[in-house]
Protein chains: 2
Amino acid sequence: MTGVQRRVTRDEVAKLAGTSTAVVSYVINNGPRPVSESTRNKVLAAIEQTRYRPNGIAKALAAGSSRTYGLIVPDISNPFFAAIAHAVEDEIFDAGMVLLLGDSAESKEREEEILSIFQQQQIDGLLFIGTDNHPHVQTMARAGTPVVVLDRIDEDDLAASVVVDNIAGAIAATRHLIGHGYTEIAFVGGPEGLSTSEDRHAGWMTAMREAALEVNDDWHLVAPYSKAGGLDAGRRLLAQSRLPRAIFAANDQQAIGILRVAYEAGIRVPEDLAIITFDGTTDAEFSAPPLSTIRQPIEEIAKSAVWLLLNPDADGSNRITCQFELVLRRSCGCTQEKNR
Amino acid sequence: MTGVQRRVTRDEVAKLAGTSTAVVSYVINNGPRPVSESTRNKVLAAIEQTRYRPNGIAKALAAGSSRTYGLIVPDISNPFFAAIAHAVEDEIFDAGMVLLLGDSAESKEREEEILSIFQQQQIDGLLFIGTDNHPHVQTMARAGTPVVVLDRIDEDDLAASVVVDNIAGAIAATRHLIGHGYTEIAFVGGPEGLSTSEDRHAGWMTAMREAALEVNDDWHLVAPYSKAGGLDAGRRLLAQSRLPRAIFAANDQQAIGILRVAYEAGIRVPEDLAIITFDGTTDAEFSAPPLSTIRQPIEEIAKSAVWLLLNPDADGSNRITCQFELVLRRSCGCTQEKNR
DNA sequence: CTGTTAGCGCCTTCAC
DNA sequence: GTGAAGGCGCTAACAG
């Protein structure tokens, strides 16, 4: 109906309340100076009446803080990262801040571009899930912006980080498979160069070796952390002369792809092929059969990460390791009945 | 090594280049005034040398534009919304803007809070996927901020919107099932009050009636748009005395849940129960069996939405309807062979 | 307790 | 083609 309505500024509120602009600030921010009850009420009324909303940009410029955090993920359409983003957004929102989302599409250049833009937007802190090592993030950290690296870390990083022990998780998963009596266990891992890929691989090898089982190179496949990646790896595995009795897939998405290959080929899971995974997203919970998995505590990871962001000075333990959980479902052979 | 390093400002660049700050602005923004080649080079060199990065906040304040768009989704961990967010982020990034993400967690209050914060952050435009009708978004639109509503729309909205024809899509899906010769077709719909739920429901009814098929109330289940919702609906369906021969599920997530129920109960899909869905996310592509679905053109939706945001004045057709696509896979009974 | 005022870093009109 | 200067809306000293 009415056209564009100019935003009301603090001056108008002050005028209406019959006070100075400073007092309006004091009321809005509860400080840094006290305000008498009566004038506070007048200001509040004026704010109400004018439907005044402070300009966050101006505030950010003057205060030197944008109340904005950045989150960079390799691909928001990956359920694991989406779950993290969901939890992180929640935490950040609760802290009264806003979330800037960057999707690097697994590209290093893109990552740097996003970082540069975030920098220009004066973010107060960065949550980072990288596609690789990330020297430029260090620059940011050194420039004084709190940085917390998630999921994929670089040992040499100075930045704070929140992760689960991927090696231990992979060992637990593989050991569990071994506990079932399986001896021929393949590993479908993620892209090379990622810490998660390497750690989960290392865990698998460790568990296999300690059980004196064959670590066959044909049974270590590399694939993207996606359903398509799992599908592809599964097909490559099928094309080989000898099939494993069980598979440890490095993430849920890959496992879903493998499940699909098994379905196509008429291979029963877990009767013919047992599967265990890593991540513990809902995808693993609702697949057919449901997937046994190493669950990462997403909420806790998000909470810890945001906490580190808000308390950057906590020198000492700026590296948090969250506990994973071995969730047993049908795919590994644990529950033989199909019904619940 | 070095501690916090103060940000370099335009003044330092100007000093180093031996010019005024205005000229620095001119070269950075390519205007609004021309600059001689020689001084431009000097400025560029100074920028390079000082590693100067303009302060986006200050720029936003002075220019009155934050180069920031907001996206509000009901739940970023829902793959459909995640896919939209992924595509939208891509488009927005290409346009040189940044994306502020808000996750309303399907809560109306939360939605309003996010909206308020976005407003304070001076977003230049809003992409909105609501949890319900949304009068407050209208306010924003009226205040001059471009708003584009996605997926779930309110017919009465003045705001621009991008959707697919949900009724037509649902009709196409249901007709396809009918074409297979199925006559007992159930509908698992989304939460009441959402336009997508209602339209897909309407489409199902229309197709059933035009084929003179029974529209049994027991076969219209309502459930959240999630895997858990589908699981629940599936179990409720199973508990009934008479089972349908086919199901049209209102979204992929629900279908995954239903697939899981079928698996548990030993019901073969599509031999005993045919399924068709709506959305066309990758979840539908990699399930076992793969799901026939009405695919929404995510990329196109995102492109259109961002286009509308960038060209808010395009009066007339500010409501874009994208074409859906019927994707046939195994779950409806189209492909009998399991392999590929 | 309240008012005045100098910035925050940048854009842009207006003189030169 | 270049420079000076007045804001953008708000914060936080610094004076009363």
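The values are calculated or read from the model by the stated rules, or taken from the named source; none is laboratory data. Treat the numbers as computed from the prediction; the structure is a model and nothing was measured. Here the Cβ positions follow ideal geometry from the backbone for every residue, glycine too, while neighbour counts run over all protein chains shown.
Points to keep in mind about this one:
- Condition broken by B:V149, with the remaining ones in (1) within 23 Å of A:L100 (Cα to Cα); (2) of a type in the set (A, V, I, L, M, F, W, C); (3) within 13 Å of another protein chain (Cβ to nearest Cβ) satisfied: (3)
- The residues listed here are B:A305, B:A255, B:A288; of these, the one that is in a helix (DSSP H, G or I), more than 30 Å from B:T145 (Cβ to Cβ) and touching a residue at least 12 places away in the same chain (Cβ under 8 Å) is B:A255.
- With respect to the conditions (1) assigned to a strand (DSSP E or B); (2) under 27 Å from B:R7 (Cβ atoms), A:D154 falls short on a single one, namely (1).
- Check on A:E12, within 16 Å of DNA strand C (Cβ to nearest atom), without any contact (Cβ under 8 Å) to a residue 60 or more places away in the chain, more than 10 Å from chain B (Cβ to nearest Cβ) and surrounded by fewer than 23 Cβ atoms within 10 Å (Cβ to Cβ): yes
- The sole residue among A:T281, A:T277 that is crowded, with 20+ Cβ neighbours inside 10 Å and under 16 Å from A:L177 (Cβ atoms) is A:T277.
Rundown of residues vs (1) of a type in the set (A, V, I, L, M); (2) within 11 Å of another protein chain (Cβ to nearest Cβ); (3) in contact with a Lys or Arg (Cβ under 7 Å, 6 or more places away or on another chain), yes/no style:
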residue	(1), (2), (3)
B:Y225	no, no, no
B:A228	yes, yes, no
B:P244	no, no, no
B:F248	no, no, no
B:Q253	no, yes, yes
B:L259	yes, yes, no
B:A262	yes, yes, no
B:A265	yes, yes, no
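Each row is one residue, and each column tells you yes or no for (1) assigned to a helix (DSSP H, G or I); (2) not assigned by TED's automatic domain parsing to the domain that holds A:I76.
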| position | (1), (2) |
| --- | --- |
| A:G230 | yes, yes |
| A:L243 | no, yes |
| A:E271 | no, yes |
| A:D283 | yes, yes |
| A:L309 | yes, no |
| A:P312 | no, no |
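- Those residues of the range B:98-116 which are at the interface with another protein chain (Cβ under 10 Å from one of its Cβ atoms) and surrounded by fewer than 22 Cβ atoms within 10 Å (Cβ to Cβ), in sequence order: B:A105, B:R110, B:E113, B:S116
- Subset tally (residues that are closer than 22 Å to A:L231 by Cα, in contact (Cβ under 8 Å) with a residue 60 or more places away in the chain and within 18 Å of the chain's Cα centre (by Cα)) for the range A:165-192: 1
- Criterion violated by A:K227 - all others in (1) buried (at least 17 other Cβ atoms within 10 Å of the Cβ); (2) within 23 Å of A:E155 (Cα to Cα); (3) among the charged types (D, E, K, R) satisfied: (2)
- Condition check for B:R33 on (1) within 9 Å of chain A (Cβ to nearest Cβ); (2) within 16 Å of DNA strand D (Cβ to nearest atom); (3) basic (K, R); (4) outside any helix (DSSP H, G or I): one failure, at (1).
- Residue among A:A249, A:A228, A:A233 that is at pLDDT 95 or above and out of contact with any strand residue (DSSP E or B) (no Cβ under 6 Å at 6 or more places or on another chain): A:A228
- Every residue from the range A:60-77 that is out of contact with any strand residue (DSSP E or B) (no Cβ under 6 Å at 6 or more places or on another chain) and within 8 Å of chain B (Cβ to nearest Cβ): A:A60, A:L61, A:S66, A:D75, A:S77
- You will find that of A:A262, A:A212, the residue that is assigned to a helix (DSSP H, G or I) and at pLDDT 95 or above is A:A262 and no other.
- Summed over the range A:136-168, residues that are over 25 Å from A:P79 (Cα atoms) and basic (K, R) total 1.
- Residues in the range B:314-328 that are in contact with a helix residue (DSSP H, G or I) (Cβ under 6 Å, 6 or more places away or on another chain) and either at pLDDT below 90 or not in a loop (DSSP other than H, G, I, E, B) (or both): B:I320, B:C322, B:L326.
- Residue pairs whose Cβ atoms lie under 8 Å apart, separated by 6 or more positions or on different chains, with the first residue in the range A:39-57 and within 14 Å of chain B (Cβ to nearest Cβ) and the second away from DNA strand C (no atom under 12 Å from the Cβ) and of a type in the set (D, E), are A:T50/A:E12; A:Y52/A:E12.
- Whether a residue is touching a residue at least 40 places away in the same chain (Cβ under 8 Å), on the phi < 0 side of the Ramachandran plot and in contact with a Lys or Arg (Cβ under 8 Å, 6 or more places away or on another chain) was assessed, and A:N78 does not pass this test.
- So B:R7, is it within 11 Å of chain A (Cβ to nearest Cβ) and at pLDDT below 90: yes
- Number of positions in the range B:38-62 that are within 8 Å of DNA strand D (Cβ to nearest atom) and surrounded by fewer than 19 Cβ atoms within 10 Å (Cβ to Cβ): 5
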